[in-house]
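Quick one: the structure is below, questions incoming.
The values are calculated or read from the model by the stated rules, or taken from the named source; none is laboratory data. These figures come from a predicted structure and were not determined experimentally. Note that we place each Cβ from the backbone using ideal geometry, even for glycine, and neighbour counts take in every protein chain shown.
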Amino acid sequence: MALSRTIVIAGAGIGGLTAALALAARGFRILILEKAERLEEAGAGLQLSPNASRVLIDLGLQPRLAPHLMTPDAVSIMSARSGGEVIRLPLGIAGEFHAAAPYWLIHRADLQSALLAEVNNHPGIELRLGCQFEDFDVHSTDVVVGHRKGVAREHEPALALIGADGVWSAVRQQLFPDTQAEFAGLIAWRGTIDARQLPRELTPHRVQLWMGPKAHLVAYPMSSGKQINVVAIMPGAWNRPGWSAPGDPAEIKNHFAASRWPDNARLMIGAVDDWRRWALFTMRDGGVWHKGPVALLGDAAHAMLPFAAQGAGMAIEDAAVLAKCCGEFIDDPANIAVALQRYAMMRRSRVGRVQRTARQSGQIYHLRGPMALARDLTMRALGAPRLQARQDWIYDWKL
């Protein structure tokens, strides 16, 4: 690989793979370092709103994704207080016409597989599995990336290093040693249900968001409607790193029973056989982004609460903006740090606003008693068009 156009990416998650494709499309040669020996599904369903789907479409991924996609007709906002629907926000044909891009539901593994297939087919991208990023040294003309595969340690000179290695980023630890993710005091539980197990009236063809006391529940179809993805958020003290720790079904069932959630919500929770959980960690609002020829992307830069369904979306946006900024300097590699600074400036404000929106949404979802009643009445009074318009600044984003 020629040094003048080589960029090393640490991490082969959704953000890292998307960045590799976007940068390669701009003419860079990409080396991806991934510590896992093979890429496996971590997590279950994903919501990809129009701001993210249009990036993937522009990268040519729609044909690979099409067999696995669901396009919901609406978001149905439900209240545990009343047991019924508060309001329904359209997302189908009307929503796509409004945003000029689709709203997609997909299994995370299907998205990762599609990205991986494109990466493996691209002559300008090399993916090294089982290759652990260790450290970097910045020199006057390059950054030298240290990595290890088994007992063999190697050094790779590059134009830039991009840390797309998640909330517990090793790149960030060296770049910003005093800045670490913080536990939010909340735990996300996830599981899947075979759609055939549920009564037809409980099988959502849309995103269902249940708001309740100190907890909320999200359910939506994926895998072409064959599975239902279920995510429950509730407070807790358990805060070990990881994305897929086993969860005791009795714990989540008892929590929702004690809070007197309606029968249909508890039936959905009871239908999940295998619960997995992860503690929610966040970064400071606005994220941390770059120093010199080293930059961060996705959760490594700005891990956020998932209550705006924008974690993957922001990583995908990051990848597109990073590639655009770096592409402007492809013939001027000495100024790659300027490109990364521009990338940070273009992302910081928007990401910070999304982080705040997600946090505020969670607070609204978890209201109790009279405050919950006031919330439900306010939503109905505002109506679907006005509520939906509050998301336009997220969904209408274009590079």
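If a residue has to be assigned to a strand (DSSP E or B) and modelled with pLDDT of 95 or more to count, how many in region 48-76 make the cut?
So the answer is 1.
State all residues of region 21-38 that are farther than 18 Å from VAL143 by Cα and either buried (at least 24 other Cβ atoms within 10 Å of the Cβ) or among the hydrophobic types (A, V, I, L, M, F, W, C) (or both); if no residue qualifies, say none.
LEU21, ALA22, ALA24, ALA25, ALA36
Separate question: Cβ-Cβ under 6 Å, sequence separation 6+ or interchain: first residue in region 51-72 and touching a residue at least 60 places away in the same chain (Cβ under 8 Å) and more than 12 Å from ALA319 (Cβ to Cβ), partner of a type in the set (Lys, Arg) and surrounded by fewer than 22 Cβ atoms within 10 Å (Cβ to Cβ). Which pairs?
These pairs meet every condition: PRO72/ARG206.
Please work out which one of (1) surrounded by 20 or more Cβ atoms within 10 Å (Cβ to Cβ); (2) closer than 22 Å to ILE336 by Cβ is the condition GLN112 fails and give its number.
With respect to (1) surrounded by 20 or more Cβ atoms within 10 Å (Cβ to Cβ); (2) closer than 22 Å to ILE336 by Cβ, GLN112 is out only on (2).
Residue-by-condition table, conditions (1) in the same structural domain as ALA10 (by TED's automatic domain parsing); (2) among the hydrophobic types (A, V, I, L, M, F, W, C):
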residue	(1), (2)
ARG172	yes, no
PHE176	yes, yes
ILE187	no, yes
ASP194	no, no
ARG200	no, no
HIS205	no, no
GLN208	no, no
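Just to be sure before I move on: is GLU156 surrounded by 20 or more Cβ atoms within 10 Å (Cβ to Cβ), in contact (Cβ under 8 Å) with a residue 12 or more places away in the chain, assigned to a strand (DSSP E or B) and in the same structural domain as TRP289 (by TED's automatic domain parsing) in the structure I sent?
yes
Let me ask something else. Please return the ranges of helices (runs of 4 or more DSSP H) entirely within region 335-399 where 1 or more residues are free of Cβ contacts under 8 Å to residues at least 60 places away in the same chain, surrounded by 15 or more Cβ atoms within 10 Å (Cβ to Cβ) and on the phi < 0 side of the Ramachandran plot.
336-365
Could you list, ordered by first residue, the pairs with Cβ atoms under 9 Å in which the first is in region 234-261 and outside the structural domain of TRP275 (by TED's automatic domain parsing) and the second is assigned to a helix (DSSP H, G or I) and loosely packed, with under 12 Cβ neighbours inside 10 Å, at least 6 apart or interchain?
Listed by first residue and then by second, the contacts come to nothing, as the list is empty.
Being over 24 Å from LEU399 (Cβ atoms) and under 19 Å from the mean Cα position of the chain (by Cα) narrows it down to one residue among SER79, SER113; which is it?
Just a single option satisfies the conditions, and that option is SER113.
Considering only residues of region 243-272 that are more than 19 Å from ALA80 (Cβ to Cβ) and in contact with a strand residue (DSSP E or B) (Cβ under 6 Å, 6 or more places away or on another chain), which is modelled with the lowest pLDDT?
Restricting to residues being more than 19 Å from ALA80 (Cβ to Cβ) and in contact with a strand residue (DSSP E or B) (Cβ under 6 Å, 6 or more places away or on another chain), the top hit is TRP243.
Looking only at region 39-66, filter to residues that are of a type in the set (Gly, Ala, Ser), within 15 Å of PRO102 (Cβ to Cβ) and surrounded by 15 or more Cβ atoms within 10 Å (Cβ to Cβ); which one of those is farthest from the chain's Cα centre (by Cα)?
SER53
Still on this structure: Just to be sure before I move on: is ARG148 part of a strand (DSSP E or B), outside the structural domain of GLY247 (by TED's automatic domain parsing) and either surrounded by fewer than 21 Cβ atoms within 10 Å (Cβ to Cβ) or at pLDDT below 95 (or both) in the structure I sent?
yes
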